[in-house]
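Asks: Got a structure for you, questions after.
The values are calculated or read from the model by the stated rules, or taken from the named source; none is laboratory data. It should be emphasised that the depicted structure is a prediction, and the values quoted were computed from it without experimental measurement. FYI the Cβ positions are ideal-geometry reconstructions off the backbone, even for glycines, and counts take in every protein chain you see. Ligands, DNA and RNA are excluded from the accessible area calculation, which covers all protein heavy atoms including side chains. Shrake-Rupley method; radii C 1.70, N 1.55, O 1.52, S 1.80 Å.
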Amino acid sequence: MQKYIDLVDSALRECVKIKDNPQKKIYEAMGYSLFAGGKRLRPVIMMMTAKMLGKEPEIVLPFACAIEMIHTYSLIHDDLPAMDNDDLRRGKPTNHKVYGEATAILAGDALLTLAFETAISCDFEGVCKKSVIRAAAELAKAAGADGMIGGQIVDIDSHDEDEELLKYLHSLKTGALIRASGVIGAILSGAEGKQIDAIDGFCKNLGIAFQIQDDILDVEGNEADLGKPIGSDAENNKSTYVTLFGIEKARSLSEEYTRKAIHCLDIFENSGELCALAEKLIRRKA
């Protein structure tokens, strides 16, 4: 994964440079969270998808940066006292603990708007303009009320989820941006029909497996590896795959959804990287 991470990190640093002007603080706050670490999972999926479809990963780089900005903004806002009220993120004080709540809110807002500026202001050589517009619409939907934000509000309002509601919640809150990563990579690479459906299926199943592993790590993970306290789900009385099914069944479900994800890519000859990524994610410790 590291070659993709290095590629997107370099591009992100070009997008978010600290400027010597009166609003310098907002760029500092944006960069603080954007470069605090993380797996860059969503950009990696997007770039691996492009490569699987025979394109250079750089073709999707503006959208890869955009989706990571949106993911980071969501983490800044999730950590706020009005939401999860977390003190640590990736082993560092959360954005509002360093810059204050008002600046943290604005830093998140600024990353969200910069994401779309970055995604649509580049000259996409060899990519149909309609595909760029279609990809931007996919990104907006995944980030909005029928995507990540929708999942967040369901999470806030629901405390006694059954399996179906829990799956629905995470298909939006966690899964929407993961799904968009693969679909946008496919759209910008010129894929259509069955190819997009297959990548969509891969990402949907991968998103569920990823969330189940998160639930498992919140119970038996290591705080040093995770960069945040464990046990927060139980402390906040949140329903998770672990509370509904227990550790062993949750682990079995994670394996099952990973198998389903990999099976979706059977129509492709060059899916090795994405399949290996899926396997890696359910073995992760952070």
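Asks: Please find, within segment 154-163, the residue that is nearest to the chain's Cα centre (by Cα) out of those that are in a helix (DSSP H, G or I) and exposed (fewer than 14 other Cβ atoms within 10 Å of the Cβ). Break it down into steps so the answer makes sense when it comes.
Replies: Applying the first criterion (in a helix (DSSP H, G or I)) to segment 154-163 yields 154-157, 163.
Now narrow it down to the ones that are exposed (fewer than 14 other Cβ atoms within 10 Å of the Cβ): 156-157, 163.
Values: ILE156: 19, ASP157: 22, GLU163: 22 Å.
Only one residue fits best here, namely ILE156.
Asks: Output yes when any residue across segment 185-192 is under 19 Å from LYS130 (Cβ atoms) and touching a Leu at 6+ places or on another chain (Cβ under 6 Å), and no when none is. Spell out the reasoning first.
Replies: Residues of segment 185-192 under 19 Å from LYS130 (Cβ atoms): 185-192.
Filter once more, keeping what is touching a Leu at 6+ places or on another chain (Cβ under 6 Å): 189, 191.
Yes - at least one qualifying residue is present in segment 185-192.
Asks: So, in segment 93-108, exactly how many residues are open to solvent by 20 Å² or more (accessible area, probe 1.4 Å), closer than 15 Å to PRO81 by Cβ and among the hydrophobic types (A, V, I, L, M, F, W, C)?
Replies: Within segment 93-108, residues that are open to solvent by 20 Å² or more (accessible area, probe 1.4 Å), closer than 15 Å to PRO81 by Cβ and among the hydrophobic types (A, V, I, L, M, F, W, C) number 3.
Asks: Within segment 45-55, count every residue that is in a helix (DSSP H, G or I) and over 10 Å from the mean Cα position of the chain (by Cα).
Replies: Of segment 45-55, the ones in a helix (DSSP H, G or I) are 45-52.
After this cut, where a residue has to be over 10 Å from the mean Cα position of the chain (by Cα) as well, the list is 46-52.
Here the count works out to 7.
Asks: Looking at (1) open to solvent by less than 30 Å² (accessible area, probe 1.4 Å); (2) touching a helix residue (DSSP H, G or I) at 6+ places or on another chain (Cβ under 6 Å), which is the only condition ILE59 fails?
Replies: Of the numbered conditions (1) open to solvent by less than 30 Å² (accessible area, probe 1.4 Å); (2) touching a helix residue (DSSP H, G or I) at 6+ places or on another chain (Cβ under 6 Å), the odd one out for ILE59 is (1).
Asks: Could you tell me which of the residues LYS194, LYS141, LYS129 is open to solvent by 10 Å² or more (accessible area, probe 1.4 Å) and either touching a Phe, Trp or Tyr at 6+ places or on another chain (Cβ under 9 Å) or at pLDDT below 95 (or both)? Reasoning before the result, please.
Replies: Working: LYS194 fails: either touching a Phe, Trp or Tyr at 6+ places or on another chain (Cβ under 9 Å) or at pLDDT below 95 (or both); LYS141 fails: either touching a Phe, Trp or Tyr at 6+ places or on another chain (Cβ under 9 Å) or at pLDDT below 95 (or both).
Going through LYS194, LYS141, LYS129 in turn, the sole match is LYS129.
Asks: Looking at the structure I just gave you, is ASP6 open to solvent by 50 Å² or more (accessible area, probe 1.4 Å), part of a loop (DSSP other than H, G, I, E, B) and more than 20 Å from LEU265 (Cβ to Cβ)?
Replies: Taking the combined requirement at face value, the residue does not satisfy it.
Asks: Please go through segment 169-191 and give me each residue that is surrounded by fewer than 22 Cβ atoms within 10 Å (Cβ to Cβ) and of a type in the set (Ser, Thr, Tyr), ordered by number.
Replies: Answer for segment 169-191, where residues must be surrounded by fewer than 22 Cβ atoms within 10 Å (Cβ to Cβ) and of a type in the set (Ser, Thr, Tyr): SER171, THR174.
Asks: Same structure, new question: From GLY201, GLY182, GLY190, GLY207, which residue is under 20 Å from CYS264 (Cα atoms) and more than 19 Å from the chain's Cα centre (by Cα)?
Replies: Every option except GLY190 fails the conditions.
Asks: Now a separate question. Please identify the pairs in which a residue from segment 84-100 that is farther than 18 Å from SER74 by Cβ and outside any strand (DSSP E or B) has its Cβ atom under 8 Å from the Cβ atom of a residue that is open to solvent by 50 Å² or more (accessible area, probe 1.4 Å) and modelled with pLDDT under 95, counting only partners at least 6 apart or on another chain.
Replies: Close Cβ pairs satisfying both conditions: GLY91/ALA224; GLY91/LYS228.
Asks: Something else: Yes or no: THR103 within 30 Å of SER131 (Cβ to Cβ) and in contact with a helix residue (DSSP H, G or I) (Cβ under 6 Å, 6 or more places away or on another chain)? Step through it out loud before you land on a result.
Replies: Numbers: within 30 Å of SER131 (Cβ to Cβ): no; in contact with a helix residue (DSSP H, G or I) (Cβ under 6 Å, 6 or more places away or on another chain): yes.
Spelling it out, it is not the case that THR103 is within 30 Å of SER131 (Cβ to Cβ) and in contact with a helix residue (DSSP H, G or I) (Cβ under 6 Å, 6 or more places away or on another chain).
Asks: Also: Checking the conditions here, which among LYS228, LYS204 is open to solvent by 80 Å² or more (accessible area, probe 1.4 Å), basic (Lys, Arg) and at pLDDT 95 or above? If you could, list the steps in order and put the result at the bottom.
Replies: Working: LYS228 fails: at pLDDT 95 or above.
The conditions single out LYS204.
Asks: Filter segment 115-126 for residues that are assigned to a helix (DSSP H, G or I) and open to solvent by 80 Å² or more (accessible area, probe 1.4 Å) and give the result.
Replies: Of segment 115-126, the ones assigned to a helix (DSSP H, G or I) are 115-120.
Residues satisfying the conditions are GLU117, ILE120.
Asks: Given the criterion modelled with pLDDT of 95 or more, part of a helix (DSSP H, G or I), in contact with a helix residue (DSSP H, G or I) (Cβ under 9 Å, 6 or more places away or on another chain) and surrounded by fewer than 22 Cβ atoms within 10 Å (Cβ to Cβ), identify the matching residue among LEU111, LEU80, LEU75.
Replies: It is LEU75.
Asks: While we're on this one: Quick check on ALA191: is it in contact (Cβ under 8 Å) with a residue 60 or more places away in the chain and part of a helix (DSSP H, G or I)? Break it down stepwise before answering.
Replies: Working: in contact (Cβ under 8 Å) with a residue 60 or more places away in the chain: yes; part of a helix (DSSP H, G or I): no.
In short, no.
Asks: Which residue pairs have Cβ atoms closer than 9 Å, lie 6 or more positions apart in sequence or on different chains, and pair a first residue in segment 1-30 that is closer than 25 Å to GLY272 by Cβ with a second residue that is β-branched (Val, Ile, Thr) and modelled with pLDDT of 95 or more?
Replies: If the second residue must be β-branched (Val, Ile, Thr) and modelled with pLDDT of 95 or more, the pairs left are MET1/VAL44; TYR4/VAL44; ILE5/VAL44; VAL8/VAL44; ALA11/THR118.
Asks: Let me ask another. Within segment 31-44, take every residue that is more than 27 Å from GLU279 (Cβ to Cβ) and assigned to a helix (DSSP H, G or I) and give me the one that is nearest to the chain's Cα centre (by Cα). Break it down into steps so the answer makes sense when it comes.
Replies: Taking segment 31-44 first, the residues more than 27 Å from GLU279 (Cβ to Cβ) are 31-35.
Those left that are additionally assigned to a helix (DSSP H, G or I): 31-34.
Details: GLY31: 17, TYR32: 18, SER33: 14, LEU34: 13 Å.
Among those residues, the one meeting the criterion is LEU34.
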